Structure formats: C-alpha cells, structure tokens
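*Asks:* My questions will all concern the structure given below.
Read-outs: derived from the displayed coordinates by stated rules, not from any lab. Small disclaimer: the values here were computed from a predicted structure and weren't measured. We place every Cβ from the backbone using ideal geometry, glycine too, and count neighbours over all the protein chains shown.
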Amino acid sequence: MRDFSTAQRSCFGRNDNSIGLLVGKAALTALLSYIIIQIRNMIPDLYEGAFMYIKRTIETRLIEFSENFPVLLLTGARQVGKTTVLKNTNFEKRINYVSLDYPNLRSLARQDPELFLQTYPAPIIIDEIQYAPELFPHIKIRVDRDNSPGQYFLTGSQIFHLMQNVGESLAGRVGVLILNPLSRAEIYGYDEIHFTPRRAMQVHRNESINDVFESIYRGAMPKMITSANLRPEDFYASYVQTYIERDIKSLAFIQNEDKFLKFMSSLAARTAQELNLSDISKDVGVDGKTVDRWISILRTSGLIYLLSPYSSNVIKRIVKRPKLFFMDTGLACYLSLWNNPKALQVSAMAGQMFETYVVSEIIKTYTNSGLDPRTRLFYYRDNNKREIDLIVSENDYVYPIEIKKTANPKKDAVKHFAVLDNVNAKRGKGVVISMSPLIVPIDQDNTVVPIGCI
C-alpha cells in the first residue's frame, strides 16, 4: 500500500476553521474509507467474490481515450457494467478506485472537493460522479495545470444532469463514451465491428427462433447473462425500483411514482413504433409536456433510444417523428408484462420485440466502437406509408435494412428500398435481417441474412 500524502495525514489534525468540525469528521471517515478501498483494490475478490468477466468491445476505445484525454467519462444505464469494465481494462498502470455511493465520501466530495482530490489522487476511478458535481471545477483546475492523459476515469448513470456539468466544466478536456448492455458479440465471443449491410455476409452463430426469443426475454444486462438461474422478473423488478428510487426521485421531476411506472410500461408497449406524445399522454393521464420531459429522462438515462427519421432535401412528405426503441429487451418485456418467452414469440408484440432486439444490437456495435449512432442510423417512412426499418448512412452511401421475424422473407420485403434512389447519396446493398438459416440473395442488390450475422 502506498504511503499517505501530507494532505492525507493532515486529515487527523486539520484546524481549518473555514471547513469546520463536520468536514473534519468527514475527512477522517474518508481517510478510513481510503484504507479500506486500498485493501479492496489489492484483493477485490475478497469483497466482490469470484465472477465471470465478459470482455467488452469498448475496452479498446477506453485505452485509446485514456491515452489522449486527461479525463475519461463512461456513461450508461445502471448495471450495464461501467465500473467493472474500467477495473478490468488493461490501462498498463495502476488506477485506484473510489465510489461516491459511500455517503461519507460523497459528503466530503461535495463540501471540500479540493481535499477529496488530495485524498484520492490521480490516476483514479471516481464512480457515480453525478453525486458530487462540485468536483468538476476542481478537476478542471488540475487538468489545466497538468494536461497529461489518463488522470481521471469517471462513471455516471444519471446522465440527465451529468452531461450539463461536463459541458460547462470539462469541454475539450474529456472523452465521453457510452456503455450499453452486453452485445451479441460480447456474449457469444466473436469480434465486433460497427454494422453495415456490406459487412453482414458472415454468420457468427446459428440460432433457432426459440433461442432468439429466450435472449429477447432475458435481456442483455451482465447480471442476467452471468447468472443463469436468475429469473428476469426478479432482476427487473429490483432494477426498476432502484432506478426510480435513486435516479428519478433525485431529479425532482417525479411526484407520482405510480404514474411514472405506468408511463414506462406504456412506452415499453410502444417499442419499435413512432413516438406519439399525444397517445402516451392519454394513456398515462399526464400532459404532453410531462411526457416529453419524462422521455428525455429515460433517453439520457440510457434506457431508450430515439431513432431519427431520414431526411433529404429531395424527399417530400416524410414522417418527422422519431421511432422509439428500448435498449434492453428484457426490461421492455418486464414492463409490458411478458413472463414467458414462448408466449411472447406467438403474440402480437413478437414483431416489435424482434425489431427492437435487432436495432438495439446494431446500435451497440456503434457505441462499442466509440461512434455516435445518431449521425449514422435512421429509419424512413412517408405519408404514403412506405417504410424502411433502418438506414445506415456511411461514406456518402445509404444502406437500407428491413427486419422480419420470418425464416422465409418474400421479395416484397425490399419493395420500398427504391425510394432511396432519389436522395442525395448513393444507394448501397440492402439486406433483410431475418430468421433465415442461410444467406440468400433476393436480387443483385439485396440479400436475406440470418440474425446471426449481427
């Protein structure tokens, strides 16, 4: 264990009247917590137990960012594995860890951020940074003084306020990455690269419809993957309760928890559909402005994704509403009251859940590569009800994607792809992602591919 710094030793006899006795006690408690944390850092298995770590694709980008930015911020929904991936990434240097989940450490960070940063010097992982926004200006001062990369590794799940503080204090000094639930590549152990139809010609895994809907039902939270005997309804019931108690209440926007839970369930029933605020407002019994605000909270919490419509100056009469997707199908199943994958598989929602699964997996391939899906992924629908489920825009090409639960998609699945011939970009090869067991050409421009190609 390293020697304590002068600042750390002085915590016992601090006489700074401007801080007062309360902070002195907090500093003493923080020092004791520091000792515990150092022991925990040395022998983490004693506290966390042996567990199966699933290697994350984003590790490569974490290392690259740590070599180029003094501050790295990893955001994402609760329990997607932010802290775990930082602790298991090989940064080639020892990085200590402190969590603001500890009330005494949180108190010290908020009341005396300078002393906190002296007590826990860089390089350091600061977990749940949103609990102490007072740290941001002091981190800025330190990295302005010493701009060497890889000093502060921050995690946060309350992205709603977090990004505002980062934007105000650390602009240009921080690299931001998003971690989502586990991807198929991470779960099944193959190399992952951001998805485009021209890269979709390799089948990574053969799966039956039962396999796929079991995956949809369980979701992709790390705990659900590593704990085979954990029932989804038990995990997600606890997850939703924790989310409301620890994240939503602290935002001070929610006065009626039952209404908010009904709102989440209403959204889950509409996954893979266009976002209609008026319909949701009527269903939940709150006004449209409240629905819009609550959607922003879920979106910035990483629980949902809004897929923008594709727009072009030469296309008229297109639908301008975004399309809603849950980023974890297990959560969507729980909120929409499905407790059996086989029942879901033959239900009216089967197509929606299948599309949600495919789109969320494709989004993960982008965020895991450190790419912003908002600038690359779109959908198309016009007033003539011509629709393309997903469009990938890359290097002046647009690639159309249709998503079908069937094992034998018909040729008419690609009938609307031709609308992209009229945009200011070249139309690339199209694919129909389906339950087909084989890669099957439809024509010279389009191909049916199995879901195992994602």
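*Asks:* What whole-number distance in Å separates the alpha-carbon centres of the range 356-420 and the range 214-272?
*Replies:* 27
*Asks:* If I model the range 184-453 as equal point scatterers sitting on the Cα atoms and use the Debye formula, what is log10 I(q)/I(0) at q = 0.09, 0.14 Å⁻¹?
*Replies:* -0.42, -1.03
*Asks:* Setting aside same-chain residues fewer than 8 positions from residue 411, which lysines have a Cα under 23 Å from its Cα?
*Replies:* 385, 426, 429
*Asks:* Excluding residues fewer than 8 places away in the same chain, name every one of the lysines whose C-alpha is closer than 20 Å to that of residue 342.
*Replies:* 404, 405
*Asks:* Would you mind ranking 355, 192 so that the residue whose beta carbon has the fewest other beta carbons within 10 Å leads the list? Before the final figure, lay out each step's value.
*Replies:* Details: 355 22, 192 19.
With the sparsest Cβ surroundings first, the list reads 192, 355.
*Asks:* Still on this structure, please answer the following. Tally Lys and Arg at +1 and Asp and Glu at -1 over the other residues with C-beta under 14 Å from the C-beta of residue 146: what net charge comes out? Working shown, then result.
*Replies:* Numbers: positive: 140, 142, 145, 173; negative: 144.
Computed value for this residue: +3.
*Asks:* Further, regarding this structure: Taking the Cα centre of the range 184-453 as origin and charging only Cβ (+1 Lys, Arg; -1 Asp, Glu), how large is the dipole, in debye to the nearest 20?
*Replies:* On the way: 36 positive and 31 negative charges, 127 e Å.
Rounded to the nearest 20 debye, it is 600 debye.
*Asks:* If the cut-off is 25 Å between C-alpha atoms, which lysines fall inside it for residue 87, apart from same-chain ones fewer than 8 positions away?
*Replies:* 55, 140, 223, 364
*Asks:* Right, here's the next one. Picking from 230, 310, 449, whose Cα lies most toward the positive end of the charge dipole for the range 184-453 (charges on Cβ: Lys, Arg +1; Asp, Glu -1)?
*Replies:* Checked the options; the winner is 310.
*Asks:* Let me ask you something else. Let's test this: bin the Cα-Cα distances of the range 375-445 at 10 Å from zero up to the farthest pair and state each bin's percent.
*Replies:* It works out to 20, 53, 25, 2, in whole percents.
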